[in-house]
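One structure below.
The values are calculated or read from the model by the stated rules, or taken from the named source; none is laboratory data. As the structure is a prediction and not an experimental result, all values here were calculated from the model. All Cβ positions, glycine included, derive from the backbone under ideal geometry; neighbour counts span all protein chains shown. Ligands, DNA and RNA are excluded from the accessible area calculation, which covers all protein heavy atoms including side chains. Shrake-Rupley method; radii C 1.70, N 1.55, O 1.52, S 1.80 Å.
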Amino acid sequence: MNADVTEAAPTPAAIRIDRRLIDRLAARDLVSAAARDHALELIEPPRRWGLWAARLITVLGAALVLAGIVYFFAFNWNRIPPLTKLAAIAAMIAAAVAVVGILGFGRLVSEVAAVAAVMLVGVFLAVDGQIHQTGADAWQLFAGWAALTLVWAILANSAAVWAIWLAVVNLAALTWWDQVHPFAATHQATRYIVPMVVDGAFLAAREVLAGRGVAWVAGRWTRFYLLLPLVATATVAAVTLIDRPRDLGTEEWSAAAVLVLVFALLVPLHRRWRPDVAALAATTIGAAVVLDFVVFQLLTGGHRADLGIFFFMGLTTLGIFAAAIAWLRAVARSMEA
Amino acid sequence: MTTRPSIDAVTLLTSWRRAGLLAAADTAAVAEAMMASARDTEPPLYLKILSAIGTFLATLFFVAFLAVSELISFRSGTGTLAWGVALLLAAVGLSVPLRRAEPGIGHDFLAQATFAAMAVGKVLCVAGALLIFGERTPWVATLTLLLVTAVTYPVSGASLDRVLSPYAVAASALFELLERSRGGDPSLALAAFHAVATGLAGWLLLSHRRPRILAPIGLAALGAMGTVVCIIASGHDFGIWVSHRPIDPRPIEAMLALSLVATIAWAAGGIDRLARPPLAAAALGALLLGFAGAPGIVFALLLLIVGHALHDVPLRVVGILALPSFLVLWYYGKDLTFLEKSATLVGSGALLLAARGAMHAFGWGRENAS
């Protein structure tokens with residue numbers, strides 16, 4: 001038994017038998033080896049291994065071929081005329097779009113092709129910027145990339161394509177802040193406002209669409225793909241704000257308002273509206289770290305911590321995280337009930 | 001509630017009975033064992049992460065307290081060691097009421113405090129031993145870590161501590177083998193280290209008859225295997241950066257390829273199943289990868305297969321992240337021109353896509369395949 005975090009006893013009706021439970025029964029010789037094999041085949045039919053391997057091989061094979069094409073261009077780069085470089089990339093984009101057009105949406109191959117098309121637009125813009133020496137900043141490249149591929153993302157109905165598009169938008173927002181604002185501003189909490197608003201809006205849209213039964217967006221990974229960066233940026237922004245609590249201007253107060261909104265909405269979102277205890281745990285981790293830092297700042301008042309504060313903070317940290325674990329366990333129980 | 005592939009208890013018992021695999025007289029005992037096992041579940045990963053972050057932060061505050069208060073003088077090895085032992089004893093003492101505590105915030109506070117005392121105690125014990133015997137004395141840190149791990153492992157209730165502590169022993173031993181063997185060739189010692197780690201990981205993770213309490217050591221051994229793989233897969237020099245001499249990776253690559261074949265056989269249900277055409281093809285592919293000198297890719301595939309078979313999400317996630325990382329490292333590390341690399345990449349990619357086509361043709365990759 002694990003003493004660090006224990007689970008309560010399940011009700012008999014809720015018992016689900018997974019591989020670990022079957023292995024335990026077999027290890028205690030309560031069931032025969034044949035019964036164990038039979039149970040494992042019921043849980044994971046052998047044919048699923050074939051599907052799993054086929055998908056792995058498809059993605060790997062396509063990735064290797066694409067990487068090989070990139071290396072081919074790298075080898076011949078200086079010898080290729082500028083127009084040929086752009087034409088070759090454009091041809092690859094057209095080929096990828098053609099694959100999607102022929103096969104239609106909703107298949108693994110067409111999804112891989114759509115992802116390749118979106119990626120190649122970024123390559124095209126980068127190469128074009130290099131050939132014509134436009135002098136554009138990196139954020140303009142990312143913003144242009146996102147703008148040009150937005151329609152494709154809308155048409156593709158693919159979580160993978162949206163995931164790449166959103167990463168490009170986040171990169172555009174962060175590089176825009178870093179390149180437009182003075183260097184000192186790169187350590188300000190306000191740097192994270194745009195990514196938080198964008199990721200938060202997409203998370204809200206994801207939950208609404210998944211709730212309405214839109215299948216392509218409903219994969220659980222999409223929730224964490226949006227939630228984890230959102231919580232991480234909110235936590236970093238909050239700690240940055242708390243670290244310098246004086247001289248707060250309008251921008252800092254705006255960031256504080258967004259932060260409060262993010263944490264205040266995420267808790268009921270995954271507690272009541274779309275119950276998911278693992279997602280709630282991610283938010284709880286961020287909130288616990290922020291709370292710990294708030295208590296430390298309140299005790300030190302921005303000055304050096306003394307002996308008693310360190311000891312008190314050790315106990316307080318244990319208390320905060322123990323309370324968080326106890327609360328999450330209670331929530332998990334109530335969700336299962 | 002489990003999120004892994006599962007079946008409800010009633011359906012499974014009925015299926016066993018219908019297939020003649022469970023006698024009527026044994027059904028009640030098996031059902032009772034199912035109930036008991038279901039009560040004794042592993043805590044979910046998110047609670048372990050929350051617990052680990054809390055313990056880490058609390059440990060930092062307590063160490064800062066001990067340092068600022070000058071209760072511990074880091075100039076005195078004996079004093080540091082004594083504090084370490086005292087904290088370990090405190091952790092062991094706290095683990096007694098912890099076992100009896102009712103689930104709730106009090107239990108969790110006690111668990112966190114025990115984990116923090118254990119972590120600080122172990123760090124101080126190692127620091128004390130290094131101060132007493134000197135940093136240059138070989139194997140001091142490893143032996144101290146081994147001793148404190150062996151003493152605390154049976155009483156430590158924290159599953160994370162049971163993984164990290166043996167891994168620290170392995171990492172420390174690896175450091176001794178590579179860093180302190182400047183005069184000789186470390187290849188043989190590294191291969192022996194990898195063989196031991198592979199054997200332990202194989203037994204403790206794949207055998208359902210292993211004692212459950214030792215399973216975390218299996219994860220630590222897998223981590224040790226991953227560390228060795230990272231070293232030999234990390235560039236052109238096969239570990240010169242860490243051992244100051246080139247390491248011969250071939251014994252480790254051979255072991256990894258054989259491990260991958262053995263893992264495929266294990267996942268399929270036995271070595272005899274390798275005679276089936278799709279599994280024979282998979283085993284052949286694993287051996288070919290071994291010849292390609294791609295230890296990282298083989299290890300990532302091994303993680304993916306074990307994670308998929310055990311329905312272990314963290315292992316699968318590590319495997320998914322490791323596979324592209326090691327692929328990039330392999331192609332980056334090969335001493336080839338861009339054109340040769342391009343041909344190799346397109347060739348290997350085309351081979352995989354052809355294999356995918358063959359799987360489709362033979363019906364191995366379809367949902368309704370037999």
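Things worth noting here:
- Across peptide B:66-75, the average count of Cβ atoms from other chains found within 10 Å of a residue's Cβ is 2.
- Database remark: amide H of A:Ile17 closer than 5 angstrom to the amide H of B:Ile7, B:Asp8, B:Ala9 (H placed geometrically; neighbours at sequence offset of 5 or more, or on other chains; Pro and chain starts carry no H).
- For A:Trp327, the accessible area of its heavy atoms, probed at 1.4 Å with every protein chain present, is near 100 square angstrom.
- Listed by chain and number, the lysines placed with their C-alpha closer than 24 angstrom to that of A:Lys85 are B:Lys341; residues fewer than eight positions away on the same chain are left out.
- Each residue of region B:104-120 was assigned a 3J(HN,Hα) from its phi angle through the Karplus curve 6.51 cos²θ - 1.76 cosθ + 1.60 (θ = phi - 60°); the sequence is x, 5, x, 4, 5, 5, 5, 5, 5, 5, 4, 4, 5, 4, 4, 5, 5 Hz, with glycine and proline shown as x.
- Dipole axis of chain A (+1 Lys, Arg; -1 Asp, Glu on Cβ), positive-most option in A:Leu315, A:Ala143, A:Ala39: A:Ala39
- Taken as Cα centroids, region A:105-120 and region B:103-164 sit 49 Å apart, rounded to the nearest whole angstrom.
- Alpha carbon centroid spacing (whole Å) that separates region B:215-230 from region A:291-337: 32
- Top positive-direction residue, dipole computed over chain B with Cβ charges, set B:Leu164, B:Ala275, B:Pro43: B:Ala275
- Estimated dipole of chain A in Debye, rounded to 20 [Cβ of Lys and Arg +1, of Asp and Glu -1, Cα centre]: 760
- When chain B is described by a simple charge dipole with +1 on each Lys and Arg Cβ and -1 on each Asp and Glu Cβ, the residue from B:Ala309, B:Ala19, B:Thr344 located farthest towards its positive end is B:Ala19.
- Distances between every pair of Cα atoms in the protein assembly as shown, grouped in 10 Å steps from 0 to the bin holding the largest one, split as 3, 12, 19, 25, 24, 14, 4, 0, 0 percent.
- Chain B and chain A together bury an accessible surface of about 8700 square angstrom, both sides counted, with a 1.4 Å probe and no ligands or nucleic acids included.
- Legend: mean number of C-beta atoms from other chains within 10 angstrom of residue C-beta atoms, peptide A:201-213, equals 0.
- Translational D in µm²/s for region A:65-155 (Stokes-Einstein at 37 °C, 0.692 mPa s, Kirkwood Rh from C-alpha pairs): 234
- Relative contact order of chain B, defined on C-alpha pairs under 8 angstrom at six or more residues apart (%): 10
- Share of pairwise Cα-Cα distances greater than 39 Å in chain A is 35 percent (whole percent).
- For region B:269-370, the spread of Cα coordinates along the three principal axes comes to 44, 33, 24 Å, biggest extent given first.
- Average accessible area per residue (Å²) across region A:173-337 - probe 1.4 Å, nucleic acids and ligands excluded: 49
- Net charge dipole, the protein assembly as shown: roughly 1160 debye, given to the nearest 20, about the Cα centre with Cβ charges of +1 for Lys and Arg and -1 for Asp and Glu.
- Mean Cα-pair separation over length for chain A, i.e. relative contact order, pairs under 8 Å, 6 or more apart, %: 11
- Neighbours of A:Leu266, meaning other residues whose beta-carbon lies under 15 angstrom from its beta-carbon, give a summed charge of +2 when Lys and Arg score +1 and Asp and Glu score -1.
- Our note on the geometry: Cα centres of region B:1-60 and region A:200-260, 34 Å apart.
- Measuring how big region B:77-199 is from its alpha-carbon positions, Rg and Dmax come out at 16.8, 56 Å.
- Gyration tensor (alpha-carbon) shape descriptor, region A:165-237, a/c threshold 1.5: prolate
- Evaluating 6.51 cos²θ - 1.76 cosθ + 1.60 at θ = phi - 60° for every residue in region B:63-74, the Karplus couplings come out as 5, 4, 4, 5, 6, 5, 6, 6, 5, 10, 9, 6 Hz, glycine and proline recorded as x.
- Computed over region A:66-192, relative contact order equals 22 percent, with contacts defined as Cα pairs under 8 Å that lie 6+ residues apart.
- Here the sum of -39500 (n - 2.57) over DSSP H runs of 4 or more residues, divided by the residues of chain A, equals -26500 deg cm²/dmol at 222 nm, to the nearest 500.
- For region A:173-337, the Kirkwood estimate of hydrodynamic radius, built from reciprocal distances between every pair of different alpha carbons, is 17.4 Å.
- Ellipsoid semi-axes for region B:41-83, based on the Cα gyration tensor and the rule √(5λ), read 31, 12, 6 Å when sorted largest first.
- Other protein chain Cβ atoms within 10 Å, averaged over every residue that makes up B:278-291: 1
- Cα gyration tensor category, rounded, prolate or oblate, for chain B with a/c compared to 1.5: oblate
- Ordering of A:296-305, A:203-212 by packing is A:203-212, A:296-305, highest average first (other Cβ atoms within 10 Å, averaged per residue).
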